[in-house]
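Colleague: Handing you a structure now.
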Amino acid sequence: SSSPCTRSVFAGAMPFWGLCKKGQPVAEVETCAEEPGNILLAEAAAEKLSMEQTDKEQNPPNWPSSVHVIEADDQFVGDKQALFDRIFSDDGKYTVHPWGAEFPNTDRYGGYFNETGRDFDAKRVAVLLKPGVHRAKFNVGFYNSLVGLGREPGAVELDAFEVLNGVGADGVQHGAGPGALDNFWRSVENLTTAPGRNIYYFVSQASPLRKVHIQGQLRLTGPVGGGVYDWGYASGGFTADSKIDGGVEFGGQQQYCTRNSEIGNDAVYAGGAWSNVLIGSKGVYKSQPGQAGKGTVIESTERIAEKPYITYDVDENKYYLMIPSVELAKSGISWEKYSSGDVVEKVDFENVYVAEAGVSTAAMINAKIAEGKHIVLTPGIYKITEPIVIGKSNTVLLGLGLATVQQADEAPYMESLIFVQDGLEDVRIAGLMVQGGPTGSNALIKWGTRKSGSAEIAGFL
């Protein structure tokens with residue numbers, strides 16, 4: 001064989017001298033790549049190639065039964081409204097109430113939701129709407145996520161989505177505080193609703209709206225008790241990166257947070273019981289006569305990265321993970337800029353591991369992270385016996401359908417269920433519920449053990 005070659009390569013600003021040998025740094029292997037007859041070099045190059053060519057994930061992925069991918073109307077076969085109602089009712093376990101608001105608009109609210117016993121159900125569901133028009137309305141139930149698959153909200157148009165005040169199994173509201181106080185754990189994102197349609201979304205916390213364009217008014221509480229109460233009770237919620245043409249009526253919401261959203265020129269943010277916080281949002285907040293609470297307005301969001309999201313390319317029949325860039329002093333929405341590669345990173349699902357509850361263990365997820373893959377946890381409860389460990393910068397851990405990471409009953413005590421190692425940058429964790437177990441843990445999510453990493457390329461939860 002030929003003699004080893006000696007040459008200088010650079011790692012940062014420091015020169016490094018070495019010989020062609022097995023296990024040498026990648027830069028050295030590339031530098032020596034033209035030396036003929038060097039068996040050690042050939043082995044090292046093959047080793048490097050093997051490391052680079054880790055198994056690609058399937059794209060499109062093999063979605064589990066907890067994920068419903070819905071074709072746009074021009075490709076859909078069947079009764080889409082019936083399908084939506086079946087998903088919400090879980091094949092008849094819960095009552096689907098007819099939609100009460102007549103198109104294009106009335107002040108009728110359409111009755112109640114009956115989801116008795118569903119608040120601690122183990123079933124989770126994600127409904128993914130492919131780009132195009134969907135002439136149907138979706139009841140958003142417990143552990144339902146309704147998600148558009150466009151690059152921005154205008155790529156998916158749905159007639160409407162709705163969450164109404166809850167009732168008992170007998171169809172009657174009980175107690176002194178009727179309304180939506182138990183309407184938790186659901187979400188809607190990345191879609192546009194039909195022009196002129198008011199959206200009724202009566203929720204209380206853990207029910208975010210993100211990246212939606214409502215071409216009417218958003219009403220966050222509604223009348224109950226046969227008109228005895230003008231506004232039913234509701235206990236808080238969250239809207240981000242959204243545009244609501246007709247403004248927002250908070251009604252009886254006890255508290256609500258709106259970040260980086262916009263309303264129409266003649267619209268207002270109105271009402272609310274105690275405290276409404278608007279951060280980086282465009283529009284006027286208007287207190288109601290006799291209102292006990294107040295609105296707190298903060299002009300801009302100092303530093304934010306919007307939640308990663310999933311898109312589908314119809315022409316390519318491929319899915320992509322979109323990772324928005326960090327924004328500073330943000331005011332209003334940013335999704336109108338998402339056609340630019342400088343604003344959002346586009347990752348082929350070949351580099352995304354799609355996990356399935358009951359199949360994917362924490363060890364399997366950790367191995368995929370170590371390969372450099374992003375992780376999407378599909379709906380379900382992931383009962384883990386060891387922590388999920390993020391050990392690489394620029395990793396996304398994204399849940400669909402309120403995916404839940406739970407400490408298994410047989411698991412030992414854990415320092416945390418999800419751990420982000422020291423010194424990492426631009427890690428994103430979103431869309432998850434995290435739940436402890438009987439043996440306990442010091443924390444549910446632990447982000448490092450000390451101050452480390454860069455404030456300029458910070459991670460986001």
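The values are calculated or read from the model by the stated rules, or taken from the named source; none is laboratory data. Everything quoted here is computed from the prediction, not taken from an experiment. Don't worry about glycine lacking a Cβ; one is built from the backbone with ideal geometry, like all the others, and counts go over all protein chains shown. Only protein heavy atoms, including side chains, enter the accessible area calculation; ligands, DNA and RNA are left aside. Shrake-Rupley method; radii C 1.70, N 1.55, O 1.52, S 1.80 Å.
Colleague: Would you point out which residue out of Ile304, Ile333 is farther than 19 Å from Leu220 by Cα, of a type in the set (A, V, I, L, M) and either at pLDDT below 95 or not in a loop (DSSP other than H, G, I, E, B) (or both)?
Modeller: Ile304
Colleague: Among the numbered criteria (1) at pLDDT 95 or above; (2) open to solvent by 10 Å² or more (accessible area, probe 1.4 Å); (3) small (Gly, Ala, Ser); (4) closer than 15 Å to Lys211 by Cα, which single criterion is violated by Ser261?
Modeller: Answer for Ser261: the failing condition is (2).
Colleague: Looking at this structure, is Thr385 hydroxyl-bearing (Ser, Thr, Tyr) and more than 21 Å from Lys307 (Cα to Cα)? Break it down stepwise before answering.
Modeller: Numbers: hydroxyl-bearing (Ser, Thr, Tyr): yes; more than 21 Å from Lys307 (Cα to Cα): yes.
Yes; evaluated as a whole, the condition is true for this residue.
Colleague: Of the residues that sit in the stretch 139-149 and are assigned to a strand (DSSP E or B) and modelled with pLDDT of 95 or more, which one is farthest from Ala180 (Cα to Cα)?
Modeller: The extreme case among them is Gly148.
Colleague: Next up: Quick check: anything in the stretch 421-442 closer than 24 Å to Tyr319 by Cα, outside any strand (DSSP E or B) and either without any contact (Cβ under 8 Å) to a residue 24 or more places away in the chain or touching a Gly at 6+ places or on another chain (Cβ under 9 Å) (or both)?
Modeller: yes
Colleague: Here's another thing I want to ask about it. If a residue must be at pLDDT below 95 and acidic (Asp, Glu), how many such residues does the stretch 307-330 contain?
Modeller: Residues that pass the stated criteria total 1.
Colleague: Residues being modelled with pLDDT under 95 and among the aliphatic types (A, V, I, L, M): count how many of those fall in the stretch 413-461.
Modeller: 5
Colleague: Now for a different question. What number goes with the only condition from (1) under 18 Å from the mean Cα position of the chain (by Cα); (2) under 23 Å from Ala122 (Cβ atoms) that Val352 does not pass?
Modeller: Every condition holds for Val352 apart from (2).
Colleague: Would you check if there is a residue in the stretch 97-105 being at pLDDT 95 or above, of a type outside the set (Phe, Trp, Tyr) and closer than 30 Å to Gly166 by Cβ?
Modeller: Scanning the stretch 97-105, I find no residue that is at pLDDT 95 or above, of a type outside the set (Phe, Trp, Tyr) and closer than 30 Å to Gly166 by Cβ, so the answer is no.
Colleague: Sort through Ser339, Ser360 and tell me the only one that's closer than 27 Å to Glu386 by Cα and of a type in the set (S, T, N, Q).
Modeller: After applying the criteria, what remains is Ser360.
Colleague: On to the next question. Mind listing whichever residues of the stretch 446-457 are surrounded by 15 or more Cβ atoms within 10 Å (Cβ to Cβ) and either outside any strand (DSSP E or B) or among the polar types (S, T, N, Q) (or both)?
Modeller: Gly448, Gly453
Colleague: Taking the condition of being free of Cβ contacts under 8 Å to residues at least 40 places away in the same chain and in contact with a Ser or Thr (Cβ under 7 Å, 6 or more places away or on another chain), how many residues in the stretch 303-323 meet it?
Modeller: Looking only at that region, the number is 1.
Colleague: Related question: With the condition kept exactly as written, say whether any residue in the stretch 270-278 is among the aromatic types (Phe, Trp, Tyr) and either closer than 30 Å to Ala155 by Cβ or free of Cβ contacts under 8 Å to residues at least 12 places away in the same chain (or both).
Modeller: No: the stretch 270-278 contains no residue that is among the aromatic types (Phe, Trp, Tyr) and either closer than 30 Å to Ala155 by Cβ or free of Cβ contacts under 8 Å to residues at least 12 places away in the same chain (or both).
Colleague: Being in contact with a His (Cβ under 9 Å, 6 or more places away or on another chain) and open to solvent by less than 10 Å² (accessible area, probe 1.4 Å), is that true of even one residue in the stretch 221-236? Spell out the reasoning first.
Modeller: Of the residues in the stretch 221-236, the ones in contact with a His (Cβ under 9 Å, 6 or more places away or on another chain) are none.
Within the stretch 221-236, not a single residue is in contact with a His (Cβ under 9 Å, 6 or more places away or on another chain) and open to solvent by less than 10 Å² (accessible area, probe 1.4 Å).
Colleague: Being out of contact with any Pro (no Cβ under 7 Å at 6 or more places or on another chain), surrounded by fewer than 17 Cβ atoms within 10 Å (Cβ to Cβ) and within 19 Å of Val396 (Cα to Cα) is the requirement here; does Ala443 meet it?
Modeller: No, not satisfied.
Colleague: Quickly run through the stretch 290-319 and pick out the residues that are touching a helix residue (DSSP H, G or I) at 6+ places or on another chain (Cβ under 7 Å) and open to solvent by 20 Å² or more (accessible area, probe 1.4 Å).
Modeller: Lys318 - this is the single residue of the stretch 290-319 that is touching a helix residue (DSSP H, G or I) at 6+ places or on another chain (Cβ under 7 Å) and open to solvent by 20 Å² or more (accessible area, probe 1.4 Å).
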